[in-house]
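Structure record follows, encoded as structure tokens.
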Amino acid sequence: METVRRIWAAILDVIFPPLCVSCRKYIDGDKWNFICDRCLEKIITERYPRIINGKNVSAVADYRDPVIRQLIHCLKYRNMESISKLLGEMLAERLKHIVIEAESTIIVPIPLHKRKERQRGYNQAELIAIVAGKSLCLPVASESILRIRPNNPQSEIPDLKEKAANVKGIFGPGPDIKAVLGKNVVIMDDILTSGATMAEVVKILKKGGAKKCIRAVIAMAGRH
């Protein structure tokens, strides 16, 4: 079935050549079928972790980068799941500067509320985490925490105190919470704004016995 799907996709690419999601030019012979090599090379990657609320956060790029912003948008809102492979590989590469002990480290993607995940069809953070985990040889514990109630998007809330209030108590332990006991946990998400969502996740993981929490995202939004 997978072979048939790939053949059919190749045929469609010949009939309808894919367009780069950034510059909208036809892609021909590039590594990915959704972004051209030229636009990919334009992404300005972060060299060092940033300090957010006294904590290090590793990010691939700044959300103001137009190419990375468009990639995230297409993954989340245009059903382009394949973009998660590129973003996951980029995040794994970004994390290679951190000394990670594979035997004592797991990855936990920040969960969506089940209703939103059903609407979208997937959790983009989980897709990214699965790719990054494979590259880093780390297991992914997607069911260690749950988003127990929905909340408004953080990007729509300008005030920092309101951002914190918006995510307060929205997470709880999941059926696989024991997976974090005594482990170093790499928390992964697509975008970090104020850090309030990540802080709430850390609370649940620490209560579950996590030893150390490493924060990793594709893009940093806002002024940090």
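What follows is calculated from the coordinates using simple rules that are stated; it is not laboratory data. Please read these numbers as outputs of a predicted model, since none were measured by experiment. All Cβ positions, even for glycine, are placed from backbone atoms using ideal geometry, and neighbour counts span all protein chains on display.
Among Arg115, Arg149, Arg94, the largest mean-square fluctuation in a Gaussian network model of the chain (Cα springs under 10 Å) belongs to Arg115. Gain on full extension, evaluated as 0.36 nm per residue between Arg118 and Leu19 minus their Cα-Cα distance, stands at 32.9 nm. Within the chain, DSSP assigns beta bridges of which about 30% are antiparallel (rounded to the nearest 5). So what is the relative contact order of the chain, in percent, for Cα pairs below 8 Å that sit 6 or more residues apart? Once normalised by length, the contact order is 20 percent. Once backbone amide H atoms are built at 1.01 Å from N, Ser144 has Asp176 as its partners under 5 Å, excluding neighbours fewer than 5 places away on the same chain. Return the single residue from Ala141, Ala132, Ala165 with maximal mean-square fluctuation; model: Gaussian network over the chain, springs between Cα atoms under 10 Å. In this elastic network of the chain, the residue with the biggest mean-square fluctuation among Ala141, Ala132, Ala165 is Ala165.
Of the residues Thr45, Thr193, the one with the fewest other Cβ atoms within 10 Å heads the list, and the complete ranking is Thr45, Thr193.
The modelled label-to-label distance between Asp176 and Ser82, using points 7 Å beyond Cα along the C-beta direction, is 2.7 nm.
Translational diffusion coefficient of the chain (Stokes-Einstein, Kirkwood radius from Cα pairs, 10 °C, 1.306 mPa s): 87 µm²/s. Close amide H pairs (under 5 Å, H built 1.01 Å from N) link Cys213 with Val185, residues at least 5 positions away or on another chain.
When you filter the trypsin sites (Lys or Arg not before Pro) in segment 157-224 for DSSP loop state and at most 14 other Cβ atoms inside 10 Å of their Cβ, you are left with Lys168, Lys211, Arg223. Taking a Cβ cut-off of under 9 Å around Val202, the surrounding Lys, Arg, Asp and Glu residues balance to a net charge of +3, with basic ones at +1 and acidic ones at -1. For Lys31, the lysines whose Cα falls under 18 Å of its own Cα, not counting residues fewer than eight places away in the same chain, are Lys42, Lys85. Straight-line cross-link partners of Lys206 among the lysines, defined as a Cα under 22 Å from its Cα and at least 8 positions apart when in the same chain: Lys55, Lys163, Lys168, Lys178, Lys183. Between Lys55 and Ala102, the contour length at 0.36 nm per residue exceeds the Cα-Cα span by 14.7 nm. The ranking of Glu41, Glu143 by Cβ neighbour count inside 10 Å, starting from the fewest, reads Glu41, Glu143. Cβ-to-Cβ counts within 10 Å put Asp189, Asp159 in ascending order as Asp159, Asp189, the fewest first.
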